[in-house]
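So the structure is just underneath, and the comments pick up after that.
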Amino acid sequence: MIVFDLKCKNGHRFEGWFEDNGSFENQRRKKLIACPICDDVEVCKVPSVFGIKTSTVNSPLPPKVNEMEILGKKLYEFVEKNFDDVGCEFTKEALKIHYGATEPRNIRGVSTEQEEKVLKEEGVKFFKIPSLTSSKSDS
């Protein structure tokens, strides 16, 4: 196995694991390699980034951290656009949907630890994402 650093035409860097260089070239020609950020299939190998220890403490974040931030923002934007904000009524609405009292739909809002415990006990599936605008967690 060999690991190549790759980059799409939009400048996103990522890693790919291949049997050998021929395997990489074959998959690239067939457009089987896609950028995990933007799904672009026009990728090329780039020189590997390596670190040299210096005494400077204020070094910039590596590109992968910035890409994760971009993915996080895209996830947050998707949820904002595609989920109804029910605010503090999240638990109540989630239970209504779970038991068929209201039509199923994507919802988002806030909940306490106790409310989350109730949802888990009732078998309601949910996930939490950090809020970009406050210190509370959205569910």
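The values are calculated or read from the model by the stated rules, or taken from the named source; none is laboratory data. Bear in mind the structure is a predicted one, so any value in this text is a computation, not a measurement. We place every Cβ from the backbone using ideal geometry, glycine too, and count neighbours over all the protein chains shown. What goes into the accessible areas is simple: the full protein's heavy atoms, side chains included, and nothing from ligands, DNA or RNA. Shrake-Rupley method; radii C 1.70, N 1.55, O 1.52, S 1.80 Å.
Some values worked out for this structure:
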quantity: Residue-span extension gain [ASP85 to ASN106] - 0.36 nm each, minus C-alpha spacing; calculated: 6.7 nm
quantity: Accessible surface of the stretch 72-112 [probe 1.4 Å, protein heavy atoms]: carbon and sulfur percent; calculated: 54
quantity: Computed label-point distance, nm, for sites SER48 and ILE70 using a 7 Å Cα→Cβ extension; calculated: 2.3
quantity: Among the listed pairs LYS7/LYS31; LYS74/LYS117; LYS9/LYS45, those beyond 21 Å (Cα-Cα); calculated: LYS74/LYS117
quantity: For VAL110, residues with placed amide H under 5 Å, excluding near neighbours; calculated: GLY87, CYS88, GLU89, PHE90, SER139
